[in-house]
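Here the structure comes first, spelled out in structure tokens, and everything after it is commentary.
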Amino acid sequence: MNQTIRRWIDRAQKGEEEAVLLILQQFRPLIYKYACHYQYCYDSLDEAISVAQLAMLECIHAFDMSGSEEAHKEFRRAVDRVFKRESRWFQTYVKIIEHMLHVDEVIEALGMSGGDEQDPQRRAVAAELQEKVRQCLAHLTEKERQFLHLRYYADLTYADIARRCGLSLSQTHKLTQAAMAKFCDIMYRYDVHPLNGEES
């Protein structure tokens, strides 16, 4: 079977769309299994499946035909890697909210509510959060801020963002995840993370 898959990969790398479809069909159980397991990170099962398929496509084009790697193991590693990475980002986001911030403080910090203006402690926490978030966002480009806003604040799917920005699904996914990775790194550098000892 490995040789058959390698032949399909060779054809796919040469631009044959039918070969790509054959590979995706062959690994549909693997894609579905991972998508179901990590569905909680996405808006729908279809979006999780799309993420797995994109990982497969990237693996197809990066696969070294001169090497001795077993194709099915490479595909499994590619899908496993992308979901574990996005799961870590999702869990980091959730922990920041659960362990560091109160919902009303977030709302106040974002200027969505006046809150209890007579509580100095609340005002101090909100002001500190607002400044830290402002500093973190300032390190991102306007395009990176746009992708994060559309994905995590406007709650659009990758497909919606792709249509709005005139990009392919693959480009949208890469750019959004790159922006999220950069933002997470900046937040940790500014000590905006759940491991800093603050209690919710």
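The values are calculated or read from the model by the stated rules, or taken from the named source; none is laboratory data. Quantities reported herein were computed from a predicted structural model and do not represent experimental measurements. Neighbour counts are summed over all protein chains in view; Cβ atoms, including those assigned to glycine, are modelled from backbone coordinates with ideal geometry. To get the accessible areas, we keep the full protein, side chains included, count just its heavy atoms, and leave off ligands, DNA and RNA. Shrake-Rupley method; radii C 1.70, N 1.55, O 1.52, S 1.80 Å.
Values computed for the structure shown
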quantity	calculated
Potential extension, ARG6-CYS36 segment - 0.36 nm per residue separation minus Cα distance	8.1 nm
Highest average packing first - 183-191, 63-71, Cβ atoms within 10 Å	183-191, 63-71
³J(HN,Hα), Karplus 6.51/-1.76/1.60, whole Hz, each residue of region 169-186, x for Gly, Pro	4, 5, 4, 4, 4, 5, 5, 5, 5, 5, 5, 5, 4, 5, 5, 4, 4, 5
Extension gain from LEU137 to CYS165, taking 0.36 nm per residue of separation minus the Cα-Cα distance	8.0 nm
Under Karplus coefficients 6.51, -1.76 and 1.60, residue-wise ³J(HN,Hα) of region 73-89 in Hz, glycine/proline x	6, 5, 5, 4, 5, 5, 5, 4, 5, 5, 6, 5, 5, 5, 5, 4, 5
Within the accessible area of region 137-180 (1.4 Å probe), percent carbon and sulfur	54 percent
Cα gyration tensor shape of region 1-78, rounded if a/c is under 1.5, else prolate or oblate by comparing a/b with b/c	prolate
